[in-house]
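Taking it in order: structure first as structure tokens, then the write-up.
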There are 2 protein chains.
Amino acid sequence: MPSVDNSEKTIKVLSVQSHVVSGYVGNRAATFPMQYLGLDVDVINTVQFSNHTQYEGFSGQAFGAQHVLDLFNMVSKNGLHDYDFLLSGYMGTAENVDAVKEICQRLRENNKKLFFVLDTVLGDYGSLYVPEALIGLYKKVLCPLASLVTPNQFEAELLTDRKIKVLQDAVDVINDLHDIGIPNVVVTSAELEDVHDESLGAEVEKQLHLIGSQLVVNCKCSGSDCGDCKNCYTRQMFIISFPFLSGYFTGAGDLFCSLLLARIANILQTKTHDANATKKCGGMGCVGGRGILGEGDLVQACERALATQATIIKATHDYQQSTGVPAPEGLDRSQRKNQMVKGFELRLIPNREYIANPKVIYKARKL
Amino acid sequence: MPSVDNSEKTIKVLSVQSHVVSGYVGNRAATFPMQYLGLDVDVINTVQFSNHTQYEGFSGQAFGAQHVLDLFNMVSKNGLHDYDFLLSGYMGTAENVDAVKEICQRLRENNKKLFFVLDTVLGDYGSLYVPEALIGLYKKVLCPLASLVTPNQFEAELLTDRKIKVLQDAVDVINDLHDIGIPNVVVTSAELEDVHDESLGAEVEKQLHLIGSQLVVNCKCSGSDCGDCKNCYTRQMFIISFPFLSGYFTGAGDLFCSLLLARIANILQTKTHDANATKKCGGMGCVGGRGILGEGDLVQACERALATQATIIKATHDYQQSTGVPAPEGLDRSQRKNQMVKGFELRLIPNREYIANPKVIYKARKL
């Protein structure tokens, strides 16, 4: 019998997202990559639909907040709620926002350091997926609990009432999000008029940019007695530029967020100094317990997650090209036919080896 | 950008089983291993429970057959039902049996060669999980559609009204199941009074045995004109012995069945002669379209699936020993406390590397 790995502690995640029978969005895009990277992922499905809603039809059920809370309550009652991470994605209703808030708060009662990854799924390219009222709820109810938020450009704009056109706009947005009390912010993709990374090569015409920032413990702070935790941290910002690929990639945000969570988890597992960092502060409004990472951790996690993401997007892009079912840019929903939409599904499983072994090509630059 | 794998065709599976938020049974035990081995797995959850039912409590919903069929109908309508394999596990109700029957029949209309893996989840160690009426439904409704069944000893006995005590009993059981028209049969674990494999070593006191059998095309048959397909096939039986490990391993059957499916899929993907084999027969009662494998394929698939399974069971066994929460044999359900039951969960994720790279120690012997 071969020897087996029984290391005492595996990292445990609770992922609250949608489920589709076919295709890769929500939990279906997020669960496998986290498991592949060694996390024990518990899964609450907020809906069970046949497929995502871009197909010509969909069927199934949305389960509602009470079902979600019933599941969580019993998991807790049975003592199975020893989670290190909470991940939430698309919610759709105010009730679900409240349910996730309650889950987060109750998990933090048990584990002060619970790392809550809030994927701020509101919309994309100027159109909302969710009722407008949810924007305010995300800002007021969920963001103040989050350890990390991962808005795309449109979502970052919605959450801060700003527009992102140039790099300084993105920096302002991130500063606003830190000011709400979020220790880690990643704007996953933005178009910036004034940034063009020449190192990507002359053939890359259109570029997208990930802009990230983490709070790090300010060494000048004396620790738990300072009373004003805002002074305890400095902000470390960075940017990663990567080529824009034309095409449609449903679930790309869900995938990226799960990869980022898993990479952060992997880093935390191999380091100990973060635990010390989070102990330093204890004052009112302290974000320490919510997930202060070690210096450079967010950069490293983003580089790795993006490397996997870019490969899977490239595979999906190439597959779309190869199917002979063209999907011109700016498609109206009514123009989206099933055979075409099927090509938008992430080529996740055939490219699973790139989840564990990404080749980091797009590197972060400090801001 | 690294080159990516976009091989035209990935193997597609539809898995219809239960879902639990926490722990590894049903789809939660089956989906990840199949994905890890490269299969595109679509997932219909028949229930969403907080955890399996051996914990002190559970919450959630059973969805019922209409929900299952609604999901399937829309997946089909959207043209997403190009499945190579159907896998069904625990069903619990007559309605669900009928739903799976309908799904199988409709998928076969599109793909004559759909390989239906029927995990005959009825009970274990002498006690039923399901209403007694389901035994007859499995026999009459589902078994005649199956390409492969994977009963444990108790289930094999229920399906054939026989008792398995010695090897000949198991052979009789398998012959009965072939006679119903099932081309591939694996009795996943049986205790046999008259078999003891010395090669496992003197320290292995108690042994379990997997007994498998597949139909292979009889070369003397002239093909589609013979009219009596039963004469077209011979039966190839084998046995694999492995050590019994004391302990409780919930979801072990679900895991094994998914590993076996994935191994068969992997073998079919790299071979072409099977396609020819299944073309040979076309008469009434022909089982060819239901999944005649190439000679030796089932042996190879079982050896590999069992190798992974044995490693994960060993890891779970060792973990149970290490937790300091003893679980004596023959526990009554009322004696099962949450902390103990938690130790019964398969150590699947920490040992995921053994899914792809099992070390085959327990080898098949021909019968």
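Just so it is clear, none of the values below were taken in a lab; they were calculated from the coordinates. Values in this document were obtained by computation on a predicted structure and should not be read as measured data. Here the Cβ is made from the backbone with ideal geometry for all residues, glycine too, and neighbour counts use every protein chain on show.
Label position 7 Å from Cα toward Cβ: report the copy-to-copy distances for B:ASP161 in nm, one decimal, ordered from shortest.
Distances between equivalent label points, in nm: 7.8.
Placing +1 at every Lys and Arg Cβ and -1 at every Asp and Glu Cβ, with all other atoms neutral, what dipole size does the protein assembly as shown have around its Cα centre, in debye to the nearest 20?
On the way: 70 positive and 82 negative charges, 99 e Å.
In debye, rounded to 20, the protein assembly as shown gives about 480.
Using a 10 Å cut-off around each Cβ, can you sort B:ILE267, B:ILE313 from fewest to most neighbouring Cβ atoms? Mind dumping the intermediate values first?
Details: B:ILE267 18, B:ILE313 24.
Result, fewest neighbours first: B:ILE267, B:ILE313.
Other chains near A:36-48: what is the mean number of their Cβ atoms within 10 Å of each residue's Cβ?
5
Please sort by residue number the trypsin sites (Lys or Arg not before Pro) in the stretch B:308-339 whose DSSP state is loop and whose Cβ has at most 15 other Cβ atoms within 10 Å.
Working: sites: B:LYS314, B:ARG333, B:ARG336, B:LYS337; in loops: B:ARG336, B:LYS337.
Sparse-neighbourhood loop trypsin sites (Lys or Arg not before Pro): B:LYS337.
Could you grab the relative contact order for chain B? Cα pairs under 8 Å, six or more apart, rounded to a whole percent.
Relative CO of chain B lands at 16 percent.
Going Cα to Cα from A:LYS271, which lysines come in below 20 Å? Please leave out same-chain ones fewer than 8 positions away.
Straight-distance partners of A:LYS271: A:LYS9, A:LYS12, A:LYS112, A:LYS113, A:LYS279, A:LYS280.
Under the classification rounded if a/c is under 1.5, otherwise prolate if a/b is larger than b/c and oblate if not, where does the stretch B:4-117 fall, given a ≥ b ≥ c as square roots of the Cα gyration tensor eigenvalues?
oblate
Using a 10 Å cut-off around each Cβ, can you sort B:LEU80, B:LEU293 from fewest to most neighbouring Cβ atoms?
Neighbour counts put them in this order, fewest first: B:LEU80, B:LEU293.
Treat every Asp and Glu Cβ in chain B as -1 and every Lys and Arg Cβ as +1, leave all other atoms uncharged, and give the resulting dipole magnitude about the Cα centre to the nearest 20 debye.
Values: 35 positive and 41 negative charges, 137 e Å.
Its charge dipole is roughly 660 debye.
Other chains' Cβ within 10 Å of B:174-182 residues: what's the mean?
Taking all residues of B:174-182 together, the mean is 0.
Report for the protein assembly as shown the percent antiparallel among DSSP-assigned beta bridges with both residues inside it, nearest 5.
55
Can you give me the Cα centroid spacing of the stretch A:110-149 and the stretch A:31-51 in angstrom?
The stretch A:110-149 and the stretch A:31-51 have Cα centres spaced 19 Å from each other.
Compute the normalised compactness of the stretch B:57-109: alpha-carbon radius of gyration over 2.2 N^0.38 Å, N being the residue count.
1.23
Sorted from shortest, what are the nm distances separating the label point of B:GLU102 from equivalent points in the other copies, each placed 7 Å from Cα along Cα to C-beta?
For B:GLU102, the other copies' label points sit at 3.5 nm, shortest first.
If you take each beta carbon of peptide B:55-64 and count the beta carbons of other chains within 10 angstrom, what is the mean?
Numbers: counts 6, 4, 4, 5, 10, 7, 6, 0, 4, 0.
Shielding by partners across B:55-64 averages 5.
List the distances, in nm and shortest first, from the label point of B:LEU367 to the matching label points in every other copy, placing each point 7 Å from Cα along the Cα-to-Cβ direction.
Label-point distances to the other copies, shortest first: 6.7 nm.
Please report A:HIS209, A:HIS196 as a ranked list, fewest other C-beta atoms within 10 angstrom at the top and most at the bottom.
Taking fewest neighbouring Cβ atoms as first place, the list is A:HIS196, A:HIS209.
Using alpha carbons only, how many angstrom separate the centre of the stretch B:91-108 from the centre of the stretch A:171-222?
51
Determine, at each q value in 0.09, 0.11 (inverse angstroms), the log₁₀ of I(q)/I(0) that the Debye formula gives when each Cα of the protein assembly as shown is one equal point scatterer.
-0.82, -1.18
Run through the DSSP bridge list for the stretch A:42-148 and note the antiparallel percent, rounded to the nearest 5. Walk me through the intermediate numbers first.
Values: 5 of 10 bridges.
For the stretch A:42-148, the DSSP antiparallel bridge percentage is about 50.
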